[in-house]
Every structure is written in structure tokens, then in C-alpha cells.
Amino acid sequence: MPAWLSDAVFYEIYPQSFNDTNGDGIGDIEGIIEKLDYVKELGCNAIWLNPIYDSPFKDAGYDVRDYKKVAERYGTNDDLVRLFDEAHKKDIKILLDLVPGHTSEEHEWFKKSCEADRNEFSDRYIWTDSAFCGIGGHPYIGGEAEREGCYMLNFFKCQPALNYGVLNKTEKWQLTPDHPSCIETREALKDIMRFWLDKGCDGFRVDMADSLVKEDDDDKSATGAIWTDIRKMMDRDYPDAALISEWCNPQCALKYGFHADFYLDHHGNGYNVLVRDCETEGGDHSYFKKDGGDDPERFLSDYLPRYEGSRKYGYISFITCNHDTPRVTKALDISEIKLAYAFFFTMPGVPFLYYGDEIGMKYLENVRTKEGGYQRTGSRSPMQWDKDQKNFGFSDAEADKLYIPMDSAADAPSVTEAKNDPDSIYYTVKSLIDLRHTYEDLQADASFKKVYSKKGERILVYRRGDLLLAVNPGASEVHVKTGDFEGNIMDVIAGDMIYGIGTTELTSGELVLGAQSFAVFK
Ligand code: GLC
Ligand code: CA
């Protein structure tokens with residue numbers, strides 16, 4: 001386990017929307033280098049960069065055409081290496097996005113794979129043996145290649161699935177994971193990883209990490225075996241590099257070799273019911289909703305098994321949002337979000353902050369889809385640096401040349417305004433990250449223990465190591481007798497509050513939590 005992860009706080013940068021330095025309307029690597037001090041000042045010590053590879057951009061870069069070449073619109077390979085170096089000088093780690101499950105249909109491998117004559121890449125993708133026979137249950141394309149056969153897709157039409165094999169082979173054309181061609185796919189993936197790790201990147205966020213071997217069972221043992229093998233390479237040759245999965249099943253992902261796994265927004269799961277429970281009938285019952293919010297039990301019943309079942313292998317990553325998810329501002333107001341962030345940044349594991357969430361950027365409802373973004377496009381609009389500058393300081397380009405239009409709302413937040421307002425969410429985020437860096441008990445490894453929660457009650461009291469934390473997202477003040485606390489802390493007395501939002505008090509025998517409050521006691 002890379003030691004730096006235990007106190008890592010990540011900042012996710014969507015490169016095309018962060019900072020444009022050459023006026024073409026698209027963010028670039030130079031723009032990220034320019035803002036490293038900003039990231040550092042906020043307290044983040046690691047960055048996850050969404051794909052920066054050469055791509056036709058039909059899925060915003062998740063359709064990779066060349067894994068070893070930076071897309072021209074972002075700069076050059078040398079620029080990226082300079083970003084690694086500059087970041088390292090400031091003690092900031094950089095994770096790249098690894099897309100192992102599919103390439104772009106314009107990747108050289110795929111073009112070769114489409115050829116009628118057999119060649120080195122014929123089996124690099126999953127092909128049937130007839131242009132008229134599909135692939136049961138999986139999306140596929142037929143009639144596009146000279147070669148006889150249909151090929152499997154992993155996501156959009158532009159993303160053919162790479163061939164890591166099929167677990168329970170039932171068709172003649174299927175290859176098992178131990179087939180030499182499938183092993184070659186895996187080795188090609190390792191080669192890409194080594195290419196960037198050797199240049200100084202600090203690891204990878206792994207896209208659709210569970211999608212390698214096509215298998216019908218949930219335990220994903222064959223896909224897992226590939227990651228276990230890759231982890232061996234990392235432990236041996238790059239012990240300080242991190243591997244973080246987009247999987248949302250930490251019991252699986254961490255056991256197979258990932259250091260951390262994202263807690264993603266899946267309808268009804270523990271993360272979803274905290275801040276994004278808006279699809280449930282009868283309105284939004286998200287725990288952090290002041291009015292109408294639920295008790296913490298739904299969260300705990302989903303989270304605790306994940307946590308207990310994975311903590312000995314690695315970390316769970318809470319996110320404020322990501323490039324696939326509506327920003328939390330869509331459903332929660334700023335006072336609700338401050339409490340949610342207080343919770344996320346004091347939980348075990350490795351937290352991720354999505355660019356712009358530190359100033360409460362909005363989810364843009366009516367933007368036209370960009371590069372396969374569709375409803376996700378609203379969370380990918382350009383960073384708002386300074387309201388008084390053209391395009392909020394994001395770019396000098398004319399407004400119609402911007403990657404995605406700027407937020408045009410009168411109350412669109414910006415970094416400069418947020419920094420001028422001591423009450424802004426920016427300072428909440430900054431102080432929470434600072435608190436986390438100060439107390440080891442708030443970092444990745446210290447244990448989480450529920451101390452008090454009850455069906456129908458809004459508050460949650462919990463422990464991280466020796467610290468006692470309490471949150472009340474509701475509109476009314478709550479009193480709890482410390483005698484009702486679980487575990488061996490009947491004797492909690494007048495703890496020192498080291499952090500607070502709203503009014504809270506812990507006296508011997510009673511904890512009082514004002515409306516919308518959060519506190520950490522020592
Ligand atoms: C992941 C990415 C998403 C992308 C998809 C296909 O879910 O986060 O943005 O479209 O994989 O690569
Ligand atoms: Ca640019």
C-alpha cells in the first residue's frame with residue numbers, strides 16, 4: 001500500500017474544462033500546471049486527471065486512439081511529464097485515467113483487427129465468427145468490417161471491447177482468459193501502464209475496472225485475477241503508485257488488488273441515499289436534506305458491510321461528485337452541502353473532490369450534449385475562476401468557441417468571490433481538508449464506529465479512532481444522553497470541540513446538536 005494514500009485528498013480535474021492557456025476554448029496541460037498552487041492551497045495533495053490521450057472524443061476521451069500520446073488539444077507528452085515534475089515539486093501526486101476495457105474504433109489495434117487476413121491483432125477484440133450472428137446479451141456491431149464476424153462493444157458504439165477472454169466458453173469463437181491472445185491483451189495493458197509510470201505518473205484511476213473478462217457471475221474472479229497480476233507488477237516495480245477502481249464493490253475490487261475503490265452514485269446505495277436520493281417516490285429523502293431527509297440507517301446498512309468487508313485490503317473513496325454524476329448543487333443547497341462535505345472528508349478511505357465543487361458550481365440543466373456527455377454535460381462546464389474576467393478567466397476564446405458554455409446564471413459562483421467570503425463553501429472545504437491533515441484519526445486508516453443512530457431520528461454520532469463526531473442534518477435541535485451511546489464510551493465528558501458547524505455542545509451526560517450542525521470532539 002503506497003503510504004501517501006493514508007493522508008491523500010484528491011482533486012479531480014476534467015482537463016478540457018479547467019483552464020485554457022492558448023485561447024482555443026479547451027483546457028490544457030499548461031493550464032493545469034498554472035493552477036497547481038490553487039490545488040495545493042485548497043489542501044489537496046493528489047490529482048486525478050480524466051483521459052488526456054489522443055482520441056476522436058466521441059466519449060470525451062474515454063475512446064482512446066493512442067494510449068501513449070497526449071491529445072494535441074491538451075499539449076504534448078513532454079508537457080504532461082512537466083506536469084508530473086511540477087506537481088511533484090509541490091508534493092502533489094498525479095493519477096492518470098486508465099481505460100482498459102475498450103479502445104476507440106479508431107485505434108490502430110482495432111483497424112488491424114477488422115482486416116480480413118489474420119494478423120497480430122485479430123483476437124485483440126471479441127469477434128464472433130459470422131457477420132450474421134450476434135453476441136447474446138452483449139451489445140455488438142456487424143457489417144462494418146471486411147472480416148467475417150460481429151464485434152462486441154463495451155460502452156458506446158465507438159468503444160469496441162478488448163479481449164481478455166470469456167469465462168464460461170459456450171461458443172466456438174470465444175477465447176478463454178488463459179488463451180495466449182487474451183494474455184497478450186493483458187500484457188499490452190501493462191505496457192501502457194509502465195510507459196506512463198516510467199515517465200513519472202503516480203498511478204491510475206481505472207475506468208470500468210470490472211469489465212475485462214466477460215463473465216456472468218458477480219464474483220468476477222477472472223477479471224480479479226488480471227488485477228491481482230497487475231498489482232504484483234506494481235508492488236514489485238512501482239510500490240509507490242496507486243491503483244483506484246471504478247467498480248463500486250470494494251469487497252471485490254480491493255481483494256483483487258486495487259488500493260481504493262469508488263463509492264459511486266448507484267440508485268439506492270449508501271452513497272446515493274446521502275446526497276442524491278432524488279429518484280425515490282415522494283421527493284428527495286437524502287440524508288443531508290434539511291427537510292424531508294431520512295435517518296442514517298439506510299446509509300449505514302449499505303456502507304458498513306462494504307467497509308467491514310474491505311478495510312483490511314484498502315480504502316473506499318467518497319466523492320463529492322464526478323464527471324458522470326450531477327453536481328450535488330442540483331438537489332442540495334449550500335448549507336446542506338457543507339454538512340455532506342464535512343461527513344465525506346471525515347470518513348475512512350481516500351476522498352475525492354470534483355473541480356468546482358469547492359465553490360458550489362451548479363449542474364447546468366440546459367446545455368447541449370458535448371462529446372458523448374448527454375446528461376453528464378451539465379457537470380462538465382468550465383471552471384469559474386473570476387467573475388470579473390472574460391469567461392470567468394477560464395479562456396480568452398469567444399464564448400461560442402468554449403468547450404461547453406459558461407454558467408450564465410447571475411449567481412454563478414467563482415473562486416475570487418468565494419475567497420472573499422469567509423462563509424463560503426470554499427472555506428468549509430479548505431478547513432475540513434486542513435482538519436483531516438492535522439488529525440491522523442480523520443485520515444484513511446483510523447477506524448469508523450457507529451456510536452448512536454436510531455430509525456426515525458436524524459442524527460448520527462460516530463467515532464474515528466479516538467475522536468467523536470456528530471452530525472445533525474435536520475431542522476430541529478436534538479438532545480441525546482451519552483448513556484445511550486454504543487460501545488465503551490459511557491464516560492464521555494465535556495470533550496473539547498476541535499471543529500464545528502452550527503451550534504453543538506457536549507457536556508457530561510448530554511450531547512446537544514443544533515439544527516444543521518456538525519462537530520468533532522477530542
Ligand atoms: C466510465 C467513465 C465514463 C465513460 C465510461 C466509458 O464510466 O467514467 O465517463 O463514458 O466509463 O469509458
Ligand atoms: Ca487550450
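The values are calculated or read from the model by the stated rules, or taken from the named source; none is laboratory data. Owing to the predicted nature of the structure, the values given are computational and were not obtained by experimental measurement. Cβ atoms come from the backbone with ideal geometry, glycine included; neighbour counts cover every protein chain shown.
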Within region 7-17, residues of a type outside the set (Gly, Ala, Ser) and either closer than 13 Å to Gly75 by Cβ or away from ligand 1 (no atom under 16 Å from the Cβ) (or both) come out as Asp7, Val9, Tyr11, Pro15, Gln16
Hey, among the residues in region 211-224 that are buried (at least 22 other Cβ atoms within 10 Å of the Cβ) and touching a strand residue (DSSP E or B) at 6+ places or on another chain (Cβ under 8 Å), which one's modelled with the highest pLDDT?
-> Leu212
Go through the residues of region 481-490 one by one and say whether even a single one is touching a helix residue (DSSP H, G or I) at 6+ places or on another chain (Cβ under 8 Å) and within 30 Å of Ser6 (Cβ to Cβ).
-> yes
Residue among Leu197, Leu162, Leu167, Leu175 that alone is surrounded by 23 or more Cβ atoms within 10 Å (Cβ to Cβ) and not basic (Lys, Arg) | Leu162
Subset of region 265-293 that is part of a loop (DSSP other than H, G, I, E, B) and in contact (Cβ under 8 Å) with a residue 60 or more places away in the chain - its residue that is farthest from Gly474 (Cα to Cα) | Asp265
Is one or more of the residues making up region 354-375 part of a loop (DSSP other than H, G, I, E, B), among the acidic types (Asp, Glu) and either at pLDDT 95 or above or under 22 Å from Val429 (Cα atoms) (or both)?
-> yes
Filtering region 1-49 for residues that are assigned to a helix (DSSP H, G or I), surrounded by fewer than 20 Cβ atoms within 10 Å (Cβ to Cβ) and touching a strand residue (DSSP E or B) at 6+ places or on another chain (Cβ under 8 Å) leaves a count of 2
Whichever residue in region 81-114 is closer than 14 Å to Leu36 by Cβ and of a type in the set (Asp, Glu) and, among such residues, is surrounded by the fewest Cβ atoms within 10 Å (Cβ to Cβ) = Asp91
Wholly enclosed strands (runs of 3 or more DSSP E) of region 440-522 bearing at least 1 residues of a type in the set (Lys, Arg) | 448-452, 460-464, 478-481
Which of the residues that make up region 64-111 are of a type outside the set (A, V, I, L, M, F, W, C), within 16 Å of ligand 2 (Cβ to nearest atom) and closer than 14 Å to Pro15 by Cα?
-> Glu72, Arg73, Tyr74, Gly75, Thr76, Asp79
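Answer yes or no: is there a residue in region 94-114 that is small (Gly, Ala, Ser), modelled with pLDDT of 95 or more, assigned to a helix (DSSP H, G or I) and not assigned by TED's automatic domain parsing to the domain that holds Asp324.
So far as region 94-114 goes, yes, one or more of its residues are small (Gly, Ala, Ser), modelled with pLDDT of 95 or more, assigned to a helix (DSSP H, G or I) and not assigned by TED's automatic domain parsing to the domain that holds Asp324.
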Taking into account only those residues within region 57-75 that are assigned to a loop (DSSP other than H, G, I, E, B) and of a type in the set (Ser, Thr, Tyr), which is nearest to ligand 1 (Cβ to nearest atom)?
-> Tyr62
Yes/no for Pro351 being of a type outside the set (A, V, I, L, M, F, W, C), buried (at least 21 other Cβ atoms within 10 Å of the Cβ) and in the same structural domain as Asp63 (by TED's automatic domain parsing) = yes
Would region 225-232 turn up any residue that is out of contact with any strand residue (DSSP E or B) (no Cβ under 8 Å at 6 or more places or on another chain), small (Gly, Ala, Ser) and surrounded by 15 or more Cβ atoms within 10 Å (Cβ to Cβ)?
-> yes
The lone condition Arg147 fails out of (1) under 13 Å from Thr128 (Cα atoms); (2) among the basic types (Lys, Arg); (3) within 16 Å of ligand 1 (Cβ to nearest atom) is (3)
Go through region 150-167 and give me each residue that's assigned to a loop (DSSP other than H, G, I, E, B), more than 16 Å from ligand 1 (Cβ to nearest atom) and within 17 Å of Val64 (Cβ to Cβ).
-> Asn163
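In the list Gly456, Gly487, Gly465, Gly474, which residue meets the criterion of being on the phi > 0 side of the Ramachandran plot and surrounded by 14 or more Cβ atoms within 10 Å (Cβ to Cβ)?
After ruling out the rest, the residue left standing is Gly465.
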Of the numbered conditions (1) away from ligand 1 (no atom under 16 Å from the Cβ); (2) of a type outside the set (Phe, Trp, Tyr); (3) assigned to a loop (DSSP other than H, G, I, E, B), Asp78 fails exactly one; give the number of that condition.
-> (3)
Those residues of region 5-42 which are hydroxyl-bearing (Ser, Thr, Tyr) and either more than 8 Å from ligand 2 (Cβ to nearest atom) or within 18 Å of Leu435 (Cα to Cα) (or both), in sequence order | Ser6, Tyr11, Tyr14, Ser17, Tyr38
Within the set of pairs 6 or more residues apart or between chains, which connect a residue that is in the same structural domain as Ile13 (by TED's automatic domain parsing) inside region 196-222 to a residue that is basic (Lys, Arg) with Cβ atoms less than 7 Å apart?
-> Asp202/Lys93; Asp210/Lys220
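Taking the condition assigned to a loop (DSSP other than H, G, I, E, B) and under 26 Å from Phe262 (Cβ atoms), does Cys201 pass?
yes
Would you say Gly61 is modelled with pLDDT of 95 or more, under 30 Å from Gly165 (Cα atoms), small (Gly, Ala, Ser) and within 16 Å of ligand 2 (Cβ to nearest atom)?
Yes: the conditions hold for Gly61.
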Considering (1) in contact with an Asp or Glu (Cβ under 6 Å, 6 or more places away or on another chain); (2) in a loop (DSSP other than H, G, I, E, B), say which one Ala145 fails and leave the rest.
-> (1)
